[in-house]
1. Hey, which of the helices (runs of 4 or more DSSP H) in the stretch 183-273, taking only ones fully inside, have at least 2 residues that are surrounded by fewer than 21 Cβ atoms within 10 Å (Cβ to Cβ) and in contact with a Gly (Cβ under 8 Å, 6 or more places away or on another chain)?
2. GLU451 versus (1) surrounded by fewer than 16 Cβ atoms within 10 Å (Cβ to Cβ); (2) over 19 Å from MET386 (Cβ atoms); (3) of a type in the set (D, E, K, R): which is the lone unmet condition?
3. Within the bounds of the stretch 406-415, is there any residue that is in a loop (DSSP other than H, G, I, E, B), in contact with a His (Cβ under 9 Å, 6 or more places away or on another chain) and surrounded by fewer than 23 Cβ atoms within 10 Å (Cβ to Cβ)?
4. Let me spell it out: the conditions are (1) surrounded by fewer than 21 Cβ atoms within 10 Å (Cβ to Cβ); (2) out of contact with any Leu (no Cβ under 6 Å at 6 or more places or on another chain), and ILE120 meets all of them except one. Which number is the exception?
5. Would you tally the residues in the stretch 322-375 being in contact with a Lys or Arg (Cβ under 8 Å, 6 or more places away or on another chain), surrounded by fewer than 17 Cβ atoms within 10 Å (Cβ to Cβ) and of a type in the set (Val, Ile, Thr)?
6. Determine whether the stretch 163-175 contains at least one residue that is buried (at least 17 other Cβ atoms within 10 Å of the Cβ), touching a strand residue (DSSP E or B) at 6+ places or on another chain (Cβ under 7 Å) and farther than 20 Å from ALA231 by Cα.
7. If only one of LYS412, LYS453 is touching a residue at least 40 places away in the same chain (Cβ under 8 Å), touching an Asp or Glu at 6+ places or on another chain (Cβ under 6 Å) and in the same structural domain as GLN382 (by TED's automatic domain parsing), which one is it?
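The values are calculated or read from the model by the stated rules, or taken from the named source; none is laboratory data. On a predicted model such as this, the values are computed, not experimentally measured, just so you know. Because the Cβ atoms are built from the backbone with ideal geometry, glycine has one as well, and the counts that use them run over all protein chains shown.
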Amino acid sequence: MKLKKTYLAATLFAFTLGMAGLLHAQSPVSITVDTQHPGKTIPSDFSGLSFETSQLLPNSNGVRYFRPENQHLIALFNTLGIKSLRVGGNTSDRNVQTLPDEADLDSLFGFAKASGVKVIYCLRLHDGNPNQDADVAKYIMTHYSDEISCFSIGQEPNVYPKVPVTNTVAGQTHVSPGKFPYTLYAKEWKEFEKAIIDEAPDAEFCGPSVDANPSWPEQFMADFGRGYHVALITAHFYPGRSGDKVPTPEIGRDQMLSAGFISAYQKFYDGFAADALARGLPYRLEEVNNYFNGGAADVSNTFASALWGLDFMYWWAEHGAAGLNFHTGDKVAAGASLRPSKYTAYYTIENGFLVRPLGYGMKAFDLGRHGRIIPVTISNPQNLNMSVYAVLGDDKSIFVTVINKEHGIQAKGAAITVAAGLSLNEAKIISLTAPNGDIAATTGTTLGGVEIKNDGSWSGNWTELKQVKAGMFTFEVSPSSAVVVKMTGT
């Protein structure tokens, strides 16, 4: 019996070594950056968060979340690079219970000024009152015009409750419930817009703030893109759709890191965003995350979301978006109810905030995004599941971000060679990792070897890279991880 146990242990040990060899196998990948054809500058307010309007209300102790004294939250916003704060969600409109008063708005915009963010503010449309919205807009514009980006009128009107629709079939007229139509929305939006402009003539608008329905932005641009104070075309996007319908956590994580998600981005972009840019109108995804209804359990809160979020941000930056606002908060609306958020970038704890993996992805993006997107040529002969983005920095340095989405037992690392130009002879690297490279990990995420602290501070470490020859550097990217490389000249 003892011999059998020894043999079994040896067999398991050999199997483990074999699996470890597979896990650490390296596939060669070469990257060449093109500094001669830089694209548009990534906007300074690209990175944003989105919150329920109910988040503005005082808690049971009379304390407001958004307040200029909330130093830990201000520090966290600065650490993550957050420059856009969108206030909306279902609690702003069709499922509203209590709307913020002037004291709530004072606290919000005091926080906005202290943290250096611009606010996108959603006004109520469903069962709303245009004169009341006008009063809110007038108050904000009178007191906080420097902190307001734009007003949206209505939250996801394409999924408003059904309305009576008249249809005639075979000569018979029938009235039955039907989807809330764009034509009715446009009629009401125009009425509200006029009331607001009459009271706040400098107000600017964004819209139509619909979820995954490109036909509404197309019609909105045609109707209101000129002459109606529209500064921004906005839409909402959850590429995985409902978090309640994810079959298993493994499938949900696989989907987040799959080509299928990227195909969904492309389809949504083709549906309205390309046209917005052609019309000279900036577009922003003002409410996004991986799966709606608060996310998917053991999916949206895992390290997979860090890699997904980092890739998602760069994909849309590369496609000309003005920015993204990840819907977040301790609780978020799922239909008419609030539920604990699985996809939040961070959540509140007694002595500050605990940053979840998605927040680390946002921080990694902030490290390498200050500048202009530049083209990259990639040789990936083994077709690794990875993404590569490059940015020509404001200081002429080059940032290359590599996201290795390979995961599972046979996942491969990447042995990267970057050719960046003869004038660049110094480089440093920082890594985004999970414990044991586990995409299912919900804790232990690090960036630069350290965690983001509860007070919002971060002190990650960069590591120097050796130059293999003029303008060329090599490094490895483990499976289920990402790196940011900064290359400079002396």
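1. Helices (runs of 4 or more DSSP H) meeting the threshold: 215-224.
2. So the condition that GLU451 fails would be (1).
3. Looking for residues that are in a loop (DSSP other than H, G, I, E, B), in contact with a His (Cβ under 9 Å, 6 or more places away or on another chain) and surrounded by fewer than 23 Cβ atoms within 10 Å (Cβ to Cβ), one finds at least one in the stretch 406-415, hence yes.
4. (1)
5. Residues meeting the conditions: 0.
6. No; the residues of the stretch 163-175 include none that is buried (at least 17 other Cβ atoms within 10 Å of the Cβ), touching a strand residue (DSSP E or B) at 6+ places or on another chain (Cβ under 7 Å) and farther than 20 Å from ALA231 by Cα.
7. Numbers: LYS453 fails: touching an Asp or Glu at 6+ places or on another chain (Cβ under 6 Å).
After ruling out the rest, the residue left standing is LYS412.
Yes/no per residue for (1) in the same structural domain as TYR238 (by TED's automatic domain parsing); (2) touching a residue at least 60 places away in the same chain (Cβ under 8 Å); (3) of a type in the set (Asp, Glu); (4) assigned to a loop (DSSP other than H, G, I, E, B):
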site: ALA297; (1), (2), (3), (4): yes, no, no, yes
site: SER300; (1), (2), (3), (4): yes, no, no, yes
site: ALA304; (1), (2), (3), (4): yes, yes, no, no
site: GLY309; (1), (2), (3), (4): yes, no, no, no
site: TYR314; (1), (2), (3), (4): yes, yes, no, no
site: GLY320; (1), (2), (3), (4): yes, yes, no, yes
site: PHE326; (1), (2), (3), (4): yes, yes, no, no
site: GLY329; (1), (2), (3), (4): yes, yes, no, yes
